[in-house]
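These notes concern the structure reproduced below.
No value in this document is a laboratory result; all are computed from the given coordinates. None of the values given here were measured: they were computed from a predicted structure. Using ideal geometry, Cβ is built from the backbone for each residue, glycine included, and neighbour counts are taken over all protein chains shown.
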Amino acid sequence: MITAPGLSLSGTADIAGTRVFGPLEMRVPAGRWTCLLGPSGVGKSTILRTFAGIDDEVALDGTCGADDGAPLAGRVALMAQSDLLMPWLTVLDNALLGARLRGETPDRDAARAILSRVGLEAHSDKKPGALSGGQRQRAALARTLMEDRPVVLLDEPFSALDAATRARMQDLAAELLRGRTVLHVTHDAAEAARLGERILLLTEHELQTVAPPDTPMPRAADGEETLAAQGRLTRCLLEAA
Amino acid sequence: MRAVHLAGPALLVIALWQAVVVALDMPPFILPGPARVAQALWTSRVLIAENAVVTIIEVLAGLVLGAVLGAGSAIGLAASERARRLLRPILVFSQAVPVFALAPILTLWFGYGLASKIAMALLIIYFPVTSAFFDALMRTPSGWLDLARVMGAGRRQVMWRVRVPAALPGFVSGLKLAAVYAPIGAIIGEWVGASKGLGYLMLLANGRAKIDLMFAALLVLAVFTLLLHAGVDRATEALLRRRTR
C-alpha cells in the first residue's frame, strides 16, 4: 500500500452564510485511527465531507488537504452510517462498484478475497435485502477495502447497529483498516475510547485533543482504561453542552 | 386464482345490465341486453377480431415507442442541465394542448393508416412516462451520489449504474399509466379517421344502428385494456422484485 498521508484542516466553514464550524485547527496523523467525537450538529460530518471533497454547499475559508501536499482526490474512501449498498446489485457487485463506476475492469477474485476477510464469502451472490444490518455494514466495509485508498473517512458507520454487532464491526474495521489514515466521526464516547489512537473532541466552542488510553486499539470494551477514557470523554461532552 | 374472484363482480354487472334493460324496457337500438351483445360478439367474431388486431398493433407500437422515447427524454433531461432549462418549459407548455385536439392534425399528417394512431398513442403516453421517470432520476439518494463521487465515477457511469437503476420504479409507474392511456389514444385516432380498428368499427356500427355490435367492440376493447394493464403490471412487478432478490 502507498504511504498514507496525514490530514490537516484549518479555518472556518459556512453553509449559506451560517457558521458550521471553526475557527479551528485540526490534524489527523498519518496511518493512525483518529476519532472525531462530538454532539450532533457541531459540524463533524461537514469536516468529513470537506476532506471527501463532497462539500459543494460548504464555503471553507481556510485550507484542507493532505500534509504531503498532493491532492486528496482519488486517495479517499468513504463509509457512512447508511451502508449505501445498491439493492439491485449482489454483494460481490457492490464490492466492485468503485471499479465499475470508474470504468475499470473489475477484479472479481480480489473482491471475493476481501468478502471472505469480512466473513461474507457465503453471501457474495445475495442481494443486500437478504442480509442483516451487521452483514450489510460488512459488505460496505468490503466495498471500502476494495477501493484500497490510503485515507478512509468513516461517518458514524456503526451507530445504527446493535451493541454486539457494533463491537464486532469495530474490531473487524480496526483490523482491516490498520495502517491507513482513518478519520472516524462518531458521537459515541465508548466507541472513541475503544478505537481512537487520537481523539479529537469537537464542541460548539472549540476543538480539543483528549488523550486516548495508552493501550493499543481495538481496546476491550470492558477494559479499565477504556472505561476510564469513556468516562472522561462523557464528562467532556457534558461540560461542553 | 384472480379470474375466479372476478367472476362474481362480472356476473353482478351482467345481472344489473339485464335488469336495467328489462325494467326500463330499453329498445335494443339504445341499450341491447347482454345476450344480444354476446350474440353479436359471436356472429361478428371475425370482423371484430380483424379490427381488434389493428387496434392492438397500434396500441402496442405506441406503447413501445412512447416508452422508449419517454425514457430517452427523461435520461437526456436528467443528464443535462442545459437541456432541462431549454426543454422543460416547452414540455410543460405542450401539456396545455389537449392531445385529443391534435388527432385531426395527426390524421392530416400521417394519413388514415396505422401511423396516425400510433402517433396519437405515443403522444398521449409520452409525457406521463417522461415525467415519472425524470422525477425519479432527479431523486437519486444523495448518499449514493456522494459515494460515487468519492469513488471517482464519471458522469456517464453514475447515470447508467446508479441513477437509472435507482429510478426504475419511477419508470415502471409511468409505464403502468401508459398501458391505460395508450388504448385511449389509438381509439381517438381511429374515431377521427380510419378504415380499420375497434374505434372505427364502433363508429361504423353506430352509424348503421348495430348497437349490439358497438357494445361488443367496446367490450373487446375494455378486456384488451384490462389485460394489457395486468400484463404490464405483472411483468414490471416481477422485474422489480427480481431486481432486489
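Checked against the criterion of being crowded, with 22+ Cβ neighbours inside 10 Å and either assigned to a loop (DSSP other than H, G, I, E, B) or touching a strand residue (DSSP E or B) at 6+ places or on another chain (Cβ under 7 Å) (or both), the candidates A:Ala139, A:Ala70, A:Ala77 yield just one match: A:Ala77.
Let's see how each residue does on (1) in contact (Cβ under 8 Å) with a residue 12 or more places away in the chain; (2) within 14 Å of another protein chain (Cβ to nearest Cβ):
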| position | (1), (2) |
| --- | --- |
| A:Ala113 | no, no |
| A:Glu121 | no, no |
| A:Ser124 | yes, no |
| A:Lys127 | yes, yes |
| A:Ala130 | no, yes |
| A:Arg136 | yes, yes |
| A:Met146 | yes, yes |
| A:Leu154 | yes, yes |
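Taking the criterion of being farther than 7 Å from A:Val91 by Cβ and surrounded by 14 or more Cβ atoms within 10 Å (Cβ to Cβ), the residues of segment A:116-127 that qualify are A:Arg117, A:Val118, A:Gly119, A:Glu121, A:Lys127. How many residues, within segment A:94-111, are facing chain B (nearest Cβ under 10 Å), part of a helix (DSSP H, G or I) and out of contact with any strand residue (DSSP E or B) (no Cβ under 9 Å at 6 or more places or on another chain)? Looking only at that region, the number is 4. For segment A:28-65, the tally of residues that are in contact (Cβ under 8 Å) with a residue 40 or more places away in the chain and either aliphatic (A, V, I, L, M) or assigned to a strand (DSSP E or B) (or both) stands at 19. Take B:Ala186 and tell me if it is among the aliphatic types (A, V, I, L, M), over 25 Å from A:Gly129 (Cα atoms), away from every other protein chain (no Cβ under 14 Å) and in contact with an Asp or Glu (Cβ under 6 Å, 6 or more places away or on another chain). Answer is yes for this residue. Return a yes/no flag: does segment B:154-173 have any residue that is crowded, with 23+ Cβ neighbours inside 10 Å and assigned to a loop (DSSP other than H, G, I, E, B). Among the residues of segment B:154-173, not one is crowded, with 23+ Cβ neighbours inside 10 Å and assigned to a loop (DSSP other than H, G, I, E, B), which makes the answer no.
Residue by residue, here is whether (1) within 14 Å of chain B (Cβ to nearest Cβ); (2) among the small types (Gly, Ala, Ser); (3) within 15 Å of A:Ser8 (Cα to Cα) holds:
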residue: A:Trp33; (1), (2), (3): no, no, yes
residue: A:Leu37; (1), (2), (3): no, no, no
residue: A:Ser40; (1), (2), (3): no, yes, no
residue: A:Ile47; (1), (2), (3): no, no, yes
residue: A:Ala52; (1), (2), (3): yes, yes, yes
residue: A:Asp55; (1), (2), (3): yes, no, no
residue: A:Ala59; (1), (2), (3): no, yes, no
residue: A:Ala70; (1), (2), (3): no, yes, yes
residue: A:Ala73; (1), (2), (3): yes, yes, yes
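Of all residues in segment A:142-167, which are polar (S, T, N, Q) and surrounded by fewer than 21 Cβ atoms within 10 Å (Cβ to Cβ)?
First pass over segment A:142-167, keeping only residues polar (S, T, N, Q): A:144, A:159, A:165.
The answer is A:Ser159, A:Thr165.
Tallying residues that are among the aliphatic types (A, V, I, L, M), under 22 Å from A:Ala163 (Cα atoms) and in a strand (DSSP E or B) within segment A:183-241 yields 3.
Which of the residues belonging to segment B:114-149 are touching a residue at least 24 places away in the same chain (Cβ under 8 Å) and small (Gly, Ala, Ser)? The answer is B:Ser116, B:Ala119, B:Ala121, B:Ser131, B:Ala132, B:Ala136. State whether one or more residues within segment A:81-93 are closer than 21 Å to A:Met169 by Cβ, in a loop (DSSP other than H, G, I, E, B), touching a residue at least 12 places away in the same chain (Cβ under 8 Å) and among the charged types (D, E, K, R). The answer is yes, given that some residue of segment A:81-93 is closer than 21 Å to A:Met169 by Cβ, in a loop (DSSP other than H, G, I, E, B), touching a residue at least 12 places away in the same chain (Cβ under 8 Å) and among the charged types (D, E, K, R).
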